[in-house]
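Structure record follows, encoded as structure tokens.
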Amino acid sequence: MRDIKYEQFWCVRVPKRSGEAVRSALAEMGALQRNAAVRKDQEYLYFPLKDEIDVSVLEVDSSDLKLLRMDFEYEEKQTFASILGFTPSFEMIGDLAIIDSDDPDAAEIADAILLIQKNISTVLGTLSPVTGEFRVREFCVLAGVPKTQTVHREYGCRYEVDLARVYFTPRLGTERKRIADQIGQGDVVVDMFAGAGPFSILIAKTVGQVQVVAIDKNPVAIEYLKRNAQLNRTPNIKIICGDVRDVAPDLRNISDHLIMNLPHSANEFLNSALTILKPGGVIHYYDIAPDSDPFTGAREAIEQAASDCGLGEQGALVRVLGERVVRSYSPHQYNVALDVRVG
């Protein structure tokens with residue numbers, strides 16, 4: 001329920017014809033009282049202020065402006081702390097919020113999210129971890145519009161996704177941008193586990209003269225990938241539905257950069273990756289590893305695969321360009337990324 005009262009504030013009276021110019025100037029100054037509603041009559045707008053100001057500093061004709069004190073409809077700003085007594089943890093993807101459905105306060109948290117986060121239309125509760133061949137989760141709708149589909153915006157791209165059918169996380173947004181920034185004009189990029197396309201589309205849209213090959217075996221993910229390629233106007237993506245192990249022989253030695261974002265089992269696909277990679281190409285490899293030794297296992301797996309493929313003695317033609325922790329995945333485990341040049 002909205003908590004509205006009336007309170008007196010300083011305000012600027014401005015003729016309606018100058019309203020937008022004055023509003024913009026006050027906003028830039030940080031002078032507007034955001035929780036109070038603008039008043040108006042037939043001739044004037046009345047902009048509530050945080051404090052008294054000198055109207056002559058506004059870059060408009062100040063002869064038409066007047067500083068007044070008036071009563072305004074005022075809505076107390078609500079916070080999670082004021083409603084729940086604590087600030088809950090939740091993830092936002094487009095206009096969906098995601099929380100743990102097992103939380104004993106899940107219903108109250110869901111209602112509070114809808115009340116405070118005006119851009120959220122649905123609160124989903126997770127019923128399972130990411131599981132199965134296509135890495136999806138089960139959800140229930142805790143509050144709001146009953147849906148699992150949304151459009152997520154990130155770095156100037158839009159991604160239509162159905163979270164119950166396609167894996168997607170906004171937590172890799174910074175990582176996706178980091179990879180895109182490494183791609184050069186004229187490069188060929190292969191995204192081995194493309195999903196709805198967040199790596200592929202960002203690269204295809206922002207790099208320019210680049211060719212992206214996006215592969216996924218989930219036909220629903222491919223459906224959304226095609227939609228997102230159209231949505232973002234990225235015709236420079238070749239989309240392949242299939243198991244990368246089956247299509248790798250047809251993509252032999254084409255890739256300058258190869259993205260392996262399948263952190264639980266990427267090691268099972270290294271032979272296919274090395275088939276696709278050009279000599280001297282770079283693998284962007286993702287792994288789940290213990291926090292006590294986050295990089296050794298991934299590095300050794302790549303070195304062993306290179307040796308098995310006849311690329312010199314173990315490790316001889318493998319050079320690690322960078323290692324980083326992407327995020328904490330679970331207690332004592334990290335999601336890590338390695339950029340590795342092979343050959």
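Here are some notes:
- Pairs where the first residue, in segment 165-186, is over 18 Å from Gly94 (Cβ atoms) and of a type outside the set (Ser, Thr, Tyr) and the second is at pLDDT below 95 and assigned to a helix (DSSP H, G or I), C-beta under 6 Å, 6+ apart: Ala180/Thr206
- Filtered residues of segment 276-295 (kept if under 18 Å from Cys309 (Cα atoms), touching a helix residue (DSSP H, G or I) at 6+ places or on another chain (Cβ under 8 Å) and assigned to a strand (DSSP E or B)): Ile283, Tyr285
Conditions (1) farther than 15 Å from Gly197 by Cα; (2) in the same structural domain as Arg178 (by TED's automatic domain parsing); (3) within 22 Å of the chain's Cα centre (by Cα), marked per residue:
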| position | (1), (2), (3) |
| --- | --- |
| Ile215 | no, yes, yes |
| Pro219 | no, yes, no |
| Arg233 | no, yes, yes |
| Arg252 | yes, yes, no |
| Ser272 | yes, yes, no |
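- Residues that are within 29 Å of Ile83 (Cα to Cα) and either surrounded by 12 or more Cβ atoms within 10 Å (Cβ to Cβ) or more than 34 Å from the chain's Cα centre (by Cα) (or both) within segment 11-46 comprise Ala27, Ala31, Leu32, Gln33, Asn35, Ala36, Ala37, Val38, Arg39, listed in sequence order.
- Residues located in segment 329-343, provided they are part of a strand (DSSP E or B) and either under 20 Å from the mean Cα position of the chain (by Cα) or over 17 Å from Ile302 (Cα atoms) (or both): Tyr329, Ser330, Gln333, Tyr334, Asn335, Val336, Ala337
- Residues of segment 296-328 classified as part of a strand (DSSP E or B), surrounded by fewer than 17 Cβ atoms within 10 Å (Cβ to Cβ) and either without any contact (Cβ under 8 Å) to a residue 40 or more places away in the chain or not assigned by TED's automatic domain parsing to the domain that holds Asn253 (or both), total: 8
- Among residues of segment 12-48 being in contact with a helix residue (DSSP H, G or I) (Cβ under 7 Å, 6 or more places away or on another chain) and part of a strand (DSSP E or B), the one that is nearest to Lys77 (Cα to Cα) is Leu32.
- Within segment 85-106, residues that are in a strand (DSSP E or B) sit with their Cβ atoms under 6 Å from residues that are aromatic (Phe, Trp, Tyr), at 6+ positions apart or across chains, in these pairs: Ala97/Phe90; Ile99/Phe90.
The values are calculated or read from the model by the stated rules, or taken from the named source; none is laboratory data. Not measured: the values here are computed from a predicted model. Here Cβ is always computed from backbone atoms with ideal geometry, including for glycine, and neighbour counts include all displayed protein chains.
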